[in-house]
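The values are calculated or read from the model by the stated rules, or taken from the named source; none is laboratory data. Only a predicted model underlies this, so the values are computations on that prediction, with no experimental measurement involved. Please note: Cβ atoms are built from the backbone with ideal geometry, for glycine as well, and neighbour counts cover all protein chains shown. Heads up: the accessible areas ignore ligands, DNA and RNA and are worked out on the full protein's heavy atoms, side chains in. Shrake-Rupley method; radii C 1.70, N 1.55, O 1.52, S 1.80 Å.
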Amino acid sequence: MFKATIVFIFANHWLYQLDSLPTYTDSASCYNSMMQHIQVLPQEWIDHGLGVHRMDCEFVPMPRVHPGRK
């Protein structure tokens, strides 16, 4: 599973990090989803200085199930 992380920058000064749950099956679907979310940002926010500082898709391994443990 992959999780998305987007770091927004506002007015070249403030950084805001947003993380998704690890729900993506591969990195391509993770990046596609991030791009779709970025494309619908209001133009007014962009005009006021909102931008993308960094985008990452990180692999998150599934938790291991140990037999005999509750």
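Would you mind telling me the share, in percent, of accessible area of the chain contributed by carbon and sulfur at probe 1.4 angstrom?
Details: 3320 of 5670 Å².
Solvent-exposed carbon and sulfur of the chain make up 59 percent of the total.
At R0 = 25 Å, how high is the FRET efficiency between Met1 and Ile38 if r is their beta carbon distance? Nearest 0.05 is fine. The value I calculate is 0.70.
Calculated FRET efficiency, Leu21 to Asp56, Cβ-Cβ distance, R0 = 22 Å: about 0.90 to the nearest 0.05.
The mean accessible area for residues of the chain, using a 1.4 Å probe and ignoring ligands and nucleic acids, is 81 Å² per residue.
Only helical DSSP H runs with n ≥ 4 go in: add -39500 (n - 2.57) per run for the chain, normalise by residue count and round the 222 nm mean residue ellipticity to 500 deg cm²/dmol. Present the calculation step by step, with values, prior to reporting the outcome.
Working: 2 runs with 18 residues, N = 70.
After summing the helix terms and dividing by the residues of the chain, the value is -7500 deg cm²/dmol.
For the charge dipole of the chain, defined by +1 on Lys and Arg C-beta atoms and -1 on Asp and Glu C-beta atoms about the Cα centroid, which residue among Trp14, Met62, Pro42 has the Cα displaced farthest towards the positive pole? After comparing all options, I get Met62. For the chain, the alpha carbon convex hull comes to 98 Å³ per residue, rounded to a whole number.
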